[in-house]
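The values are calculated or read from the model by the stated rules, or taken from the named source; none is laboratory data. What you see is a predicted model, and the numbers here were worked out from it, not measured in a lab. Backbone-built Cβ (ideal geometry, glycine too); neighbour counts: all protein chains shown.
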Amino acid sequence: MEWLEQEAIATAPITCKPKLWKRYVDDVAEVVRRGAQQELTDHLNSIDPTGNIQFTYEEEKEGTLPFLDTLLVRKEDGTVKLLVYRKSTHTDQYLNFQSHHPLHQKLGVIRTLLDRCNTVTTEDQDKEQETQHVKRALTRCGYPQWAFNKVEQQKKRPKQKELSTKQQEKTKGMVTIPYIKGVTEPLERVFRKHGIATAVKPKTTLRSLLVHPKDKQEDLAKTDCVYRIPCQSCDQVYIGETGRTFGTRLEEHKKEANNIDATRYTRSQKKLALKEEKKSAVTDHIARNNCVIDWEGAKSSLLTRCRHRVNQDCLPTWCHRRVNQDWSSLLTRYRRHVNRDWSSLLTRYRRHVNQDWSSLLTRCRRHVNQDWSSLLTRYRRHVNQDWSSLLTRYRRHVNRDWSSLLTRYRRRVNQDWSSLLTRCRRHVNRDWSRLMNRSRPAPPSPVSIR
């Protein structure tokens with residue numbers, strides 16, 4: 001395209017040579033002599049030898065000319081002003097505020113339209129009209145007034161400087177999580193506290209619901225799957241896994257079962273055959289229990305796909321639980337667990353995460369960095385101490401003859417305390433008045449003054 005552009009301008013006739021040429025991808029804004037539009041278009045279409053690149057043109061109408069999302073307006077004094085251009089089919093339908101999207105994406109719609117207004121529009125009066133038009137259009141889409149105020153506050157904040165290399169190394173990466181209202185927002189705050197950036201993606205989109213570029217594959221043609229084969233005679237079910245197609249493995253089971261049914265045994269041969277292990281548990285079940293397998297029901301009994309195959313020895317087995325088991329109680333408990341109010345748990349978790357651990361860490365560092373040499377020295381001295389003298393004294397104390405001490409204790413217990421009690425009673429009942437009178441001081445004599 002650059003070669004064609006340079007060649008066309010260089011070889012253009014003087015009568016239609018453009019005075020101004022501005023191109024963005026395949027849109028060109030040009031200024032040519034009045035009436036020379038068709039001549040310049042024919043010249044541009046003749047440059048490409050293959051004829052694949054063809055140009056069309058749109059002339060100025062009533063002093064206006066659209067270019068990309070801008071509208072060039074010629075003023076009476078000959079100057080040009082810029083406005084925001086919208087096609088006649090534009091409906092002012094933007095992302096609805098009630099849609100299931102994160103808040104920062106909805107605020108991004110407001111910010112984008114206001115930034116385009118401030119960038120494209122050149123005059124203040126036109127900027128005010130464009131801002132009012134954006135607010136009216138977004139109000140019809142459900143945007144409240146506080147959303148516009150929040151965007152205005154964000155625009156007034158100073159722009160953050162780019163992170164240095166050291167700060168970038170401290171970041172612990174980025175994770176992409178699906179957006180679920182009321183769940184994704186707390187998760188983003190928790191990740192942000194730990195230095196992990198988050199990106200949000202929609203969980204369910206119109207494309208995932210409506211667009212299916214590939215035809216639906218039949219169950220019998222699927223590979224790497226877990227399947228189920230029910231027994232028609234009893235309530236047992238065989239669970240198996242295969243890396244090949246489900247239809248191929250099912251035919252192998254049917255072929256082995258038909259061979260068993262077609263073989264005729266004597267009584268002794270049948271006893272020996274029952275003791276032998278067959279290629280699969282399905283044929284063993286048929287031979288030992290004389291059951292009939294529901295092959296038609298097995299064709300529509302594909303359980304799941306397993307891209308990472310598990311150990312074959314642990315998965316294929318007979319399940320002795322009934323297929324029609326009542327799972328209502330388990331589902332009820334599961335719903336209760338899912339619908340449980342986790343707000344209190346999240347509150348406690350946030351308090352625990354936001355707790356100031358600096359004091360604990362300081363004490364821990366002091367404890368770790370403490371000089372334990374003196375304590376270890378005392379401990380070694382205590383361990384290496386000669387305990388022989390203490391043990392000798394302990395043995396002497398244990399082996400001591402306590403008979404004399406016990407004899408004196410018995411004499412003391414059996415002593416006649418009656419005389420002591422009699423003296424005690426006499427002492428308590430004694431008349432203490434005379435003693436108290438003797439202990440009181442004499443009153444002072446009267447003093448006379450002349």
Which one is surrounded by the most Cβ atoms within 10 Å (Cβ to Cβ), of the residues in region 1-54 that are of a type in the set (Phe, Trp, Tyr) and within 21 Å of Asp69 (Cβ to Cβ)? Trp21
Among the candidates Phe55, Phe67, single out the residue that is of a type outside the set (Ser, Thr, Tyr) and under 21 Å from Thr119 (Cβ atoms). Phe67
Might you let me know whether region 66-82 holds any residue that is surrounded by 14 or more Cβ atoms within 10 Å (Cβ to Cβ) and more than 56 Å from the chain's Cα centre (by Cα)? no
Run Cys234 past the list (1) out of contact with any strand residue (DSSP E or B) (no Cβ under 9 Å at 6 or more places or on another chain); (2) of a type in the set (A, V, I, L, M, F, W, C); (3) assigned to a helix (DSSP H, G or I) and report the number of the one that doesn't hold. (3)
Selection from region 190-225 of residues that are in a helix (DSSP H, G or I) and touching a Ser or Thr at 6+ places or on another chain (Cβ under 6 Å): Phe191, Ala221
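With the requirement that a residue be of a type outside the set (Gly, Ala, Ser) and part of a helix (DSSP H, G or I), what does region 280-299 give you?
As a first pass, look at region 280-299 and keep what is of a type outside the set (Gly, Ala, Ser): 282-286, 288-296, 299.
Those that are of a type outside the set (Gly, Ala, Ser) and part of a helix (DSSP H, G or I): Val282, Thr283, Asp284, His285, Ile286, Arg288, Asn289, Trp295, Glu296, Lys299.
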Can you say whether Arg228 is modelled with pLDDT of 85 or more and part of a strand (DSSP E or B), as far as the supplied structure shows? yes
Based on what the data block shows, is Asp126 modelled with pLDDT of 90 or more, surrounded by 15 or more Cβ atoms within 10 Å (Cβ to Cβ) and part of a helix (DSSP H, G or I)? yes
Note on region 110-127: residues in contact with a Phe, Trp or Tyr (Cβ under 9 Å, 6 or more places away or on another chain) and either in contact (Cβ under 8 Å) with a residue 40 or more places away in the chain or of a type in the set (Val, Ile, Thr) (or both) are Ile110, Leu114, Val120
Using the structure shown, decide if Leu83 is touching a His at 6+ places or on another chain (Cβ under 9 Å) and not polar (S, T, N, Q). no
Restricting the first residue to region 228-242 and requiring it to be more than 17 Å from Ala287 (Cα to Cα) and small (Gly, Ala, Ser), which pairs with a second residue that is at pLDDT 85 or above and not in a strand (DSSP E or B) meet a Cβ separation below 8 Å and a spacing of at least six or different chains? Gly240/Arg249
Lone qualifier among Asp416, Asp371, Asp326 - being among the charged types (D, E, K, R) and either at pLDDT below 70 or under 30 Å from Val190 (Cα atoms) (or both): Asp326
If you go through region 154-176 one residue at a time, do you hit one that is under 30 Å from Lys61 (Cα atoms), small (Gly, Ala, Ser) and either at pLDDT below 90 or out of contact with any Leu (no Cβ under 8 Å at 6 or more places or on another chain) (or both)? no
